[in-house]
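First the structure, in the form of structure tokens, and then the observations on it.
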Amino acid sequence: MLGSRKKSRAGSGATTLISQDTVVVGSIQFAGTLDVEGVVRGDIVARPDTEALVRVVGKGRVEGEIRAPNVVINGAIQGDVHATGQLELAPRARVEGNVYYALVEMSAGAEVNGSLTHVSAAGAEDPQPAKPRPEGA
């Protein structure tokens, strides 16, 4: 998104695709990469200690919570998003829920209808609010 420095993000391991005409009802636990082009009605949770990646693209929609180290959203989410690594909110991202992130990249046009909360890389909420800058700084 930011210039030509964009790196391709990929989870280690296999890729699972939920295609455009597919509806999954129930929670998903995965490792590797999960591409959602269809609908998931349930939570998506990456297995612990993996560099997993969730991508919700196109007309993809998740009606539930997402918990993964790396998340790319260019579809619709109805639920909270927890990204302990990198979160990318692309131009067509629509999130109806709270977003918890360690590192975020948000493009013009992305929408979050909820709170944005910074968390440490370990996943705990950041207890320190932003400190005011001294005058003249």
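Would you be able to say whether some residue in segment 91-99 is at negative phi, in contact with a Ser or Thr (Cβ under 9 Å, 6 or more places away or on another chain), at pLDDT 95 or above and of a type in the set (S, T, N, Q)?
Yes, segment 91-99 contains a residue that is at negative phi, in contact with a Ser or Thr (Cβ under 9 Å, 6 or more places away or on another chain), at pLDDT 95 or above and of a type in the set (S, T, N, Q).
Considering segment 90-116 alone, what residues qualify as being among the hydroxyl-bearing types (Ser, Thr, Tyr) and out of contact with any strand residue (DSSP E or B) (no Cβ under 6 Å at 6 or more places or on another chain)?
Ser107, Ser115, listed by residue number.
Quick check on my filter: what residues within segment 39-85 are more than 17 Å from Val25 (Cβ to Cβ), of a type outside the set (A, V, I, L, M) and under 11 Å from the mean Cα position of the chain (by Cα)?
Arg55, Arg67, Pro69, Asn70, Asn74, Gly75, Asp80, His82, Thr84, Gly85
Taking the condition of being surrounded by 15 or more Cβ atoms within 10 Å (Cβ to Cβ), under 18 Å from Arg61 (Cβ atoms) and not β-branched (Val, Ile, Thr), how many residues in segment 86-113 meet it?
10
Out of Ala83, Ala102, Ala108, report the one residue that is part of a loop (DSSP other than H, G, I, E, B) and either over 15 Å from Val45 (Cα atoms) or of a type outside the set (D, E, K, R) (or both).
Ala108
Could you check Gln29 against (1) surrounded by 14 or more Cβ atoms within 10 Å (Cβ to Cβ); (2) within 22 Å of Tyr101 (Cα to Cα); (3) modelled with pLDDT of 95 or more and say which number it fails?
Gln29 satisfies every listed condition except (1).
Could you please find all residues in segment 50-85 being buried (at least 18 other Cβ atoms within 10 Å of the Cβ) and among the hydroxyl-bearing types (Ser, Thr, Tyr)?
Thr84, the sole residue that qualifies.
Tally the residues that are free of Cβ contacts under 8 Å to residues at least 24 places away in the same chain and either out of contact with any strand residue (DSSP E or B) (no Cβ under 6 Å at 6 or more places or on another chain) or not in a strand (DSSP E or B) (or both), restricting the search to segment 12-28.
5
Any residue in segment 77-95 that is farther than 15 Å from Gly64 by Cα sitting within a Cβ distance under 8 Å of a residue that is part of a strand (DSSP E or B) and of a type in the set (S, T, N, Q)? List the pairs, counting only those 6 or more apart or interchain.
Going by the 8 Å Cβ cut-off, the qualifying pairs are Gly85/Asn70; Gln86/Asn70; Leu87/Asn70.
When you scan segment 36-49, do you find a residue that is in contact with a Leu (Cβ under 7 Å, 6 or more places away or on another chain), surrounded by 12 or more Cβ atoms within 10 Å (Cβ to Cβ), under 17 Å from Val81 (Cβ atoms) and at pLDDT 95 or above, even just one?
yes
The values are calculated or read from the model by the stated rules, or taken from the named source; none is laboratory data. Note that this is a predicted model, so its numbers are computed, not measured. Glycine also receives a Cβ, built like all others from the backbone with ideal geometry; neighbour counts cover every protein chain displayed.
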